[in-house]
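What follows is a single structure, written as structure tokens, with notes after it.
The values are calculated or read from the model by the stated rules, or taken from the named source; none is laboratory data. Computed from a prediction, not measured in an experiment: that's the story for all the values here. No Cβ is skipped: glycine too gets one built from the backbone with ideal geometry, and neighbour counts run over all protein chains shown. Heads up: the accessible areas ignore ligands, DNA and RNA and are worked out on the full protein's heavy atoms, side chains in. Shrake-Rupley method; radii C 1.70, N 1.55, O 1.52, S 1.80 Å.
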Amino acid sequence: RSSFSVFYVSHWFPQTQISPKEGWQVYSSAQDPDGRCICTVVAPEQNLCSRDAKSRQLRQLLEKVQNMSQSIEVLNLRTQRDFQYVLKMETQMKGLKAKFRQIEDDRKTLMTKHFQELKEKMDELLPLIPVLEQYKTDAKLITQFKEEIRNLSAVLTGIQEEIGAYDYEELHQRVLSLETRLRDCMKKLTCGKLMKITGPVTVKTSGTRFGAWMTDPLASEKNNRVWYMDSYTNNKIVREYKSIADFVSGAESRTYNLPFKWAGTNHVVYNGSLYFNKYQSNIIIKYSFDMGRVLAQRSLEYAGFHNVYPYTWGGFSDIDLMADEIGLWAVYATNQNAGNIVISQLNQDTLEVMKSWSTGYPKRSAGESFMICGTLYVTNSHLTGAKVYYSYSTKTSTYEYTDIPFHNQYFHISMLDYNARDRALYAWNNGHQVLFNVTLFHIIKTEDDT
């Protein structure tokens, strides 16, 4: 049995099916000094490129750039060292200037003493002469570098002019192949612990201050549909877009008129169905987009609703439905648990509660929450300065206080949900649809791990 732990910064990668010899291949995974997951890749077989004259030129160009980079680094270290000598020289020159003034003020007395001190100062300055000479040499070297860069630019321009559409497509396919191999590497990662949140990236600005937008974490990699639900109440219209690009451009592909109004913004799309809280109730609805009808509905026993136990921002956010790598979840509060958060794992077909965990964190003190790998992460506010402050593991039934800040760019978050496929947080930030990247602490399992 063998396994090793690494930090992994999640990203999206497009996927395409290409035979192994057409692109780069993932060879192994490791950890860099900053703790990030590094996938070692094997380049295409040499005979794919060695017979290409343009490829040889590119390799030669790369070698020149690498040599220049090393020389520039040496030059940089040297000039930093010499700069200290220059500072010292400046101080000594100021001292000499003062000595000359003293000599002028009293030429007869102390003349011998000042002359000796002046001679000693001049002796101290002698080592600076070769330093200044070296600066002259370095200046010439920089001039040579500039000329070499101009030559390299000309060579690169010539190569670019020679490359035609076919060569570009071949290069593009190789890049896609590498991305596929990296996605395969990413799939080796098991569940992880949240370590950091970065971003956000603003995808679009639309709608009211409150709303929800999402993709299906169980959809195929070619299915990138986006669903959009504006406002937290008095609405039944769900807008669908075929892709993120269509969502950004506003090209709707379909509109759904739900049979019930929803409450809050904490809906989730999971395996082709929308799960939402029915307005003015603790009833959960499962609505199939493909069939266009309700497949199941069930009351969430004892769950507060209609702003009895909302998040800090209100908005009928009493019941939060979410999904992660493990399955479907509901987060809410009950009188029986003194208004503190309850986590329930739901059966995605029947909506029955399979198991529940009672926490000690007040629901009304939570800004938002989301699940990653069976652990609930709770923010302490929906406003500026918010951070992930508390987490509860359903695996160990234990909690801990955390300190994971994130940038609330538009000052008011009314929806924050994790997508396990994209390994990202979807957020509605004061009328802006944004994405946060997450850093997770992962375990990478090797082939002989049992």
In whole percent, the fraction of accessible protein surface over the stretch 192-439 that belongs to carbon or sulfur atoms, probe radius 1.4 Å, stands at 48
With the 1.4 Å probe rolled over protein heavy atoms, the stretch 192-439 has an accessible area per residue in Å² of 39
Those GluC sites (Glu not before Pro) from the stretch 336-402 that are DSSP loop and have at most 14 other Cβ neighbours within 10 Å turn out to be 352
Candidate cut points under trypsin sites (Lys or Arg not before Pro) in the stretch 205-260, DSSP loop plus at most 12 other Cβ atoms within 10 Å of their own Cβ, are 222
Reported to the nearest 10 Å², residue 252 has, with a 1.4 Å probe, an accessible area equal to 90
Normalised Cα Rg of the stretch 192-439, dividing by 2.2 N^0.38 Å with N its residue count, works out at 0.91
